[in-house]
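Written out below as structure tokens is the structure these notes cover.
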């Protein structure tokens, strides 16, 4: 990372090692606390741009993406105040003076969520100049839905030379918007814009992911009038001045699913505080069929392998409450050691099988046919040198390394650090032989 982050996120202290060494074959046993959701905290941080008053977020995951977004917000004029307490890392964001200037490309191109600045800046100041966002190379993920919705709300949006120029000098106005697909990012961007628009905005075919509901609840606490939270139709009555708020970030359902797979994969048992089974959607029944036993403890869950062992299953990724695409790669790692054949259909992103070649290096038997992966379970995986290609692929390779014979060395740790708060340290506390090099 060439961009200095210390002034915006002084807690960010990446380890000196650039590779992760895992000596597998050890069952995981112990307590692995689930952090705040990566996919929830980023739009929540952006929401602070909508008000000059203080917004405090608790249960913030200490990840690279959070540090990068903090630096982005600081460049826009926000002040960041961090603290650590019983509810984990917290940040208070003060956006009383926002400067809608062109944003540093070195920051924007590091993360996809930077596109959410469009809606918030247009709502707050009527102008946004933003390089095209970056992030994981897992598919085309164009911003057409975002742009069409903002234009329907009265914005002028032009893209030239890789830079987005958006203006709404007369302010945004309410609109009736139909999304061609239930896009999470577009729903969040339009929701942020609609809160500051004059009049009522209806977002039809909105995505229903829990992280969107978390954003809507925070905006409500700030004084926004939003109906239909958790449904495919969001109605926002905009134009009211927003106040400050204090909001706890939703637990990370993707980290929870990943660690449930890790417990079963290594034939251990993990206590997962803050893990919420109600956020898994259809993945809960898929895990059960695959041999991942999950028990609700009231304040979290316990995960372990079923007595009948791991069994091949078929699943299709889809919008919530469907099987989350972010859970696909770790679940595929689990299925490499399952009895029988599994089929995974990836319907969200066309390039989300990039981890397959790396799993094959470890002995996995996986065949790709278009957007379908067929996994034939093998008796064991063997350690190898592998490379992380995106956030969730990194988690899948960590899982594979934990269950493999011998040593696995992972390169590309920025991807793991982007989405997971201290995964290596928390796994080591549960018995994993895992170190940075």
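Brief remarks follow.
- Counting every other Cβ atom within 10 Å of each residue's Cβ, 86, 308 order from fewest to most as 86, 308.
- For segment 38-248, relative contact order (Cα pairs under 8 Å, six or more residues apart, normalised by length) works out to 21 percent.
- Gyration tensor (alpha-carbon) shape descriptor, segment 38-248, a/c threshold 1.5: rounded
- Peptides 35-43, 170-178, 188-196, 264-272 ordered by average Cβ neighbours within 10 Å, highest first: 188-196, 35-43, 264-272, 170-178
- Axis angle, to the nearest 10 degrees, between helix 210-221 and the longest C-alpha principal axis of the chain: 30 degrees.
- Neighbour-count order for 295, 320, fewest beta carbons within 10 angstrom listed first: 295, 320
- On Cα atoms only, tilt of 38-47 relative to the major axis of the chain in degrees: 10
- Helix 391-403 vs. the chain, principal-axis angle (Cα, 0 to 90°, nearest 10): 20
- Spatial separation of Cα centroids for segment 304-382 and segment 137-197, in angstrom: 34
- The ranking of 286, 63 by Cβ neighbour count inside 10 Å, starting from the fewest, reads 286, 63.
- Cα gyration tensor shape of segment 286-340, rounded if a/c is under 1.5, else prolate or oblate by comparing a/b with b/c: oblate
- Relative contact order computed over the chain (Cα-Cα under 8 Å; 6+ residues apart), in percent: 21
- Relative protection proxy for 242-251, 76-85, from highest mean packing down: 242-251, 76-85 (other beta-carbon atoms within 10 angstrom).
- Distance histogram in 20 Å bins (all Cα pairs of the chain, percent per bin): 27, 57, 16, 0
- Normalised by the number of residues in segment 160-258, the average gap of Cα pairs under 8 Å and 6 or more apart makes the relative contact order 27 percent.
- Over the chain: helical MRE at 222 nm, DSSP H runs n ≥ 4 each giving -39500 (n - 2.57), nearest 500: -8500 deg cm²/dmol
- Peptides ranked, highest mean first, by Cβ atoms within 10 Å: ranges 208-221, 397-410: 397-410, 208-221
Rule-based calculations on the coordinates, nothing more; no lab input. Only a predicted model underlies this, so the values are computations on that prediction, with no experimental measurement involved. Heads up, the Cβs are rebuilt from the backbone with ideal geometry, glycines too, and the neighbour counts pull from every protein chain shown.
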